[in-house]
Amino acid sequence: MRTLFVGAGATGGYFGGRLASGGKDVTFLVRPGRAATLRERGLRIKSPGSETVVQPRLITADRVDGPYDLVVIAVKSYFLEQAMIDLAPAVGPSTVVVPLLNGMRHVEELVGAFGPERAWGGLCFVQATLNADGDVVRTGAMHRLGYGPLDGSADPRLPAVTEALTGEEFDSHPSRTIVQDMWEKWQYLASMAAITTLMGGTTAEVNAVPGGAEFSARVVAEALAVLTAAGHDPRPGALTLLHDDTHTTTRQVSTSMYRDMVAGLPVEAEAVLGDFVNEAGKAGVPAPMFAAAYAHMRVYAARRSAG
């Protein structure tokens, strides 16, 4: 399957790079600056104890070479609008579009732009970042992809998409419940972001101080109430993951939003926290912890813009 990864940052670079190193037909749509870095250094993926170097196939927006079978969008939510413009020539009548974005707002946008027959759901779990050289550095153990039709149907393209997105280096899961999967990830990510950004530390650091564990518990309780009110009660596995990572006192678990905040970079506050606060409001669910975290990140964004 001819696959286009839109973005080669920490997420797209990791999963797309792993697939490319395994011989899959993968092309990366990137901006000129990123293309220059990747041509000079290659796409380097650093995991504990190993390093993989891929010479990726690259294109920029002015060089999109016709329809692809599969388009994987791996950009930050604030880049989505431009990404949809750039990738539009890559979408043909039978193209499948799989987003690896955080939150849920992008689903409606992608369906509106490309149609329900092309826009699927998708998610990923990976703790990774780009270092100063532009290399992908994975620091956590989890590296998993999930994808599937939004309506849960047995789409005849699913086996081919599964083959295209399956590599030996990470877990790959086709799903008939992708919408529920995405809501559960959003709950996890919003909770982790609220805890780490508002308190200014990893979950282990927060829970190690007096009152920290109680704060984390309040955040989780609000998240569960929002999902239940929205009709997406979390399943046992999602609850276990959420509880383990928000209540840990030994593992230094953080989020990309926290890491971006510490580095002084743009953050996805609107798609992750802002929309979650809006969902709480629509459902009439009090969410003061999330509201505080969202306000905190808006202050951060305003200060960053002014500075």
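The values are calculated or read from the model by the stated rules, or taken from the named source; none is laboratory data. What you see is a predicted model, and the numbers here were worked out from it, not measured in a lab. Here the Cβ is made from the backbone with ideal geometry for all residues, glycine too, and neighbour counts use every protein chain on show.
Does Ser216 fit the bill of being assigned to a loop (DSSP other than H, G, I, E, B) and out of contact with any Phe, Trp or Tyr (no Cβ under 7 Å at 6 or more places or on another chain)? Against the criterion (assigned to a loop (DSSP other than H, G, I, E, B) and out of contact with any Phe, Trp or Tyr (no Cβ under 7 Å at 6 or more places or on another chain)), Ser216 does not qualify. Inside segment 139-178, residues that are part of a helix (DSSP H, G or I), surrounded by fewer than 18 Cβ atoms within 10 Å (Cβ to Cβ) and touching a residue at least 24 places away in the same chain (Cβ under 8 Å) make up a count of 2. Just one of (1) closer than 29 Å to Asp245 by Cβ; (2) under 18 Å from the mean Cα position of the chain (by Cα) fails for Ala119. It is (1).
Would you confirm whether or not segment 181-199 contains a residue that is more than 19 Å from the chain's Cα centre (by Cα), within 26 Å of Tyr294 (Cα to Cα) and not assigned by TED's automatic domain parsing to the domain that holds Tyr68? Yes: one or more hits. Among the residues of segment 25-67, those that are β-branched (Val, Ile, Thr) and under 30 Å from Ser94 (Cβ atoms) comprise Val26, Thr27, Val30, Val54, Ile59, Thr60, Val64. Here Gly66 clears all of (1) at pLDDT 95 or above; (2) surrounded by fewer than 14 Cβ atoms within 10 Å (Cβ to Cβ) except the condition numbered (1). Among the residues of segment 238-267, the ones that are part of a helix (DSSP H, G or I) and either surrounded by 12 or more Cβ atoms within 10 Å (Cβ to Cβ) or at pLDDT 95 or above (or both) come to 17 in all. Just so you know, in segment 123-138 the residues that are of a type outside the set (D, E, K, R) and over 14 Å from Ser47 (Cα atoms) include one that is surrounded by the most Cβ atoms within 10 Å (Cβ to Cβ), and it is Cys124.
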